[in-house]
1. Considering only C-alpha atoms, what is the centroid distance from the stretch 294-336 to the stretch 143-192, in Å?
2. Express the relative contact order of the chain as a whole percentage, based on alpha carbon pairs under 8 Å and six or more residues apart in sequence.
3. Gaussian network model of the chain, Cα springs within a sub-10 Å range: biggest mean-square fluctuation belongs to which of D31, D277, D322?
4. Calculate the spin-label point distance for E113 paired with E20, positioning each point 7 Å from the Cα along the beta-carbon direction, and give it in nanometres.
5. For the stretch 123-232, what are Rg and Dmax over the alpha carbons, in angstrom?
6. Of C72, C116, C129, how do they rank once you tally other Cβ atoms within 10 Å and put the fewest first?
7. By counting other Cβ atoms within 10 Å of each Cβ, how are S347, S93, S165, S267 ranked from fewest to most?
8. What whole-number distance in Å separates the alpha-carbon centres of the stretch 205-257 and the stretch 109-124?
Amino acid sequence: MTTLDALLPTAEPLGLIDAEGNALGGDLPPDEILLELYRRMVVGRRFDAQATALTKQGRLAVYPSSRGQEACQIGAVLAMREQDWLFPTYRDSVAIVSRAVPPAEVLSLLRGEWHCGYDPHAHRVAPQCTPLATNTLHAVGLAHAARLKGEDTVAVVLLGDGATSEGDTHEALNFAAVWKAPVVFLVQNNGYAISVPLSKQTAAPSLAYKGVGYGMRSMLVDGNDAAMVYTAVKQAIASDGPTLIEALTYRIEAHTNADDATRYRPSDEVQRWLGRDPIARLETYLRARRLLDDAAAERLTAEAEERAAAVREEMNRDVEVDPAELFAHVYATPTPALVAQRKELES
Ligand SMILES: Cc1ncc(C[n+]2csc(CCOP(=O)(O)OP(=O)(O)O)c2C)c(N)n1
Ligand SMILES: [Mg+2]
């Protein structure tokens, strides 16, 4: 019998490095992991800025920025093993690029070319889901199937605070707990579902309790502390059964480039969260420990610039899109209506 105490999250978010870059006394990951978290966050943020710029140049239809959420996305991906599967949303391009999926293939969806521009099986990364919370069920299904087949595979699913109010999430949590499926539900609580603040969409004191209600071990962590997110996800992957992790973070940019966040949130709130930046705090910590110096930081900036330039170059190339592809891969045997529509388009 699982006791309630074993499932409950802490009242305060767990953390390892605070907003000022001070170690809080817990067991930190090894130095090389801290450096790699930092490196990937710097590269990820530069990619994110590049993708936003591409929307302004008409090279991307839309881009949901994850600036400010790098600790969640990079911490989770670095904690994953090769055999694990990632189930991302539209917000999580930085996580996918960090799992070594070629950036141009990731951005193909947001450019409007393909529903998924990369091979999910090659990278063990499911297509980015736009319908909220559908990926939670996919993750549970895959994890349960892997377990039945005797495979050591964990599904890590990323979802937002808003997505936790969707029915799909509740079905997924329930099945995961009943089946003891190896799933990590990482809730990136960034405070908003587009313009709707958390307080208007849930009365729960913490989203982590939603896991406890279904009998699942649940954690509340500082989602801007990459070392903490990494540690929590790694522990969750190593443990039996599912875990829900609520990571407190903030969406620094608007919902997408098509949204104006100044219409619904005060700028001092954004300023407050800029003071809790995930990259700056880790940089302060690494410099204080003399694990990072100016020369190393400059090399890293140069690497990030180089990668961004490569993304820019690839995305500035025009692609040939065959409109008839719209009908491919929908049904093995197309319905008569689709056949007719395809013919009409072709003519
Ligand atoms: C099933 C469904 N309902 C509504 C939408 C429209 N929609 C797109 S993003 C979004 C907000 C999601 O907020 P959250 O889960 O917190 O994720 P975030 O965008 O903050 O990362 C909504 C309502 C959708 N994509 N899917
Ligand atoms: Mg949100």
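Computed from the coordinates by the stated procedures, all read-outs in this text should not be read as laboratory data. As the structure is a computational prediction, the values presented were derived from the model and not from experiment. Note that we place each Cβ from the backbone using ideal geometry, even for glycine, and neighbour counts take in every protein chain shown.
1. Each part reduced to its Cα centre gives a spacing of 28 Å.
2. 25
3. D322
4. 4.8
5. 13.9, 43
6. Working: C72 32, C116 15, C129 21.
Listing C72, C116, C129 from fewest to most nearby Cβ atoms yields C116, C129, C72.
7. S347, S267, S165, S93
8. The stretch 205-257 and the stretch 109-124 have Cα centres spaced 26 Å from each other.
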